[in-house]
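What follows is a short report on a single structure.
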Amino acid sequence: MTDNLLNQDEIPVPVVKELSSAKIALITDGGLVPIGNPDQIESSNATRYGKYSIKGLGRLDPDDYEVSHLGYDTAAVSRDPNRLVPVDILRDLEREGVIGKLCESFYATTGFDTTPENSTIMGQSIAKELRAEGVDGVIFLSSI
């Protein structure tokens, strides 16, 4: 028998019913990090994640990001990081009123060979931060 690490009163999470007023966050397990990998996120079997500001950005610039991930061909993301973390598209949706607001940071880790235990610990920590920031919904972006 496994222990449930989430409180029962947190399950199920309510559905976001009104996107036009919702604050939306972006999370990826595709390993997108700022150049230099400041949080030293491992390229496999990750034990940590990073939170990276996108405040004031209309899109991610490939000169500012790299990929720390061994599980997929990262060439397309290296050319255009918005294909993994679509800040450009979400900013358009924000301007059009489809979503209320894009969270001013995105979260990233590496999913390749990461243990369920580490994934759970990171996920719970990120969820706590998102709740504290008043985030209403998350788009989870994975590498292909």
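What to note about this one:
- Within the same chain, aspartates and glutamates fewer than 8 places from Lys23 are excluded, and of the rest, those with a Cα less than 15 Å from its Cα are Asp92, Glu94, Glu96, Glu104, Glu129, Glu133, Asp136.
- (1) 17.3, 63; (2) 15.4, 48; (3) 15.9, 51, with the label sought being that of the calculated Rg and Dmax of the Cα atoms in Å: (2)
- Using C-alpha pairs under 8 Å with a sequence gap of at least 6, the mean separation divided by the residue count of the stretch 18-141 gives a relative contact order of 46 percent.
- Cα-centred dipole magnitude for the stretch 18-141, charges only on beta-carbon of K, R (+1) and D, E (-1), debye, nearest 20: 280 debye
- Considering only the chain, percent of DSSP beta bridges that pair antiparallel, nearest 5: 45 percent
- With θ taken as phi - 60° and the Karplus curve 6.51 cos²θ - 1.76 cosθ + 1.60 applied, the whole-hertz 3J(HN,Hα) list for the stretch 39-56 is 9, 6, 5, 5, 7, 7, 6, 5, 10, 8, 9, x, 10, 10, 5, 10, 4, x Hz, x standing for glycine and proline.
Readers should treat all values here as calculations from the given coordinates under stated rules, not as data from a laboratory. Bear in mind the structure is a predicted one, so any value in this text is a computation, not a measurement. Every residue, glycine among them, receives a Cβ derived from its backbone with ideal geometry; neighbour counts consider all protein chains shown.
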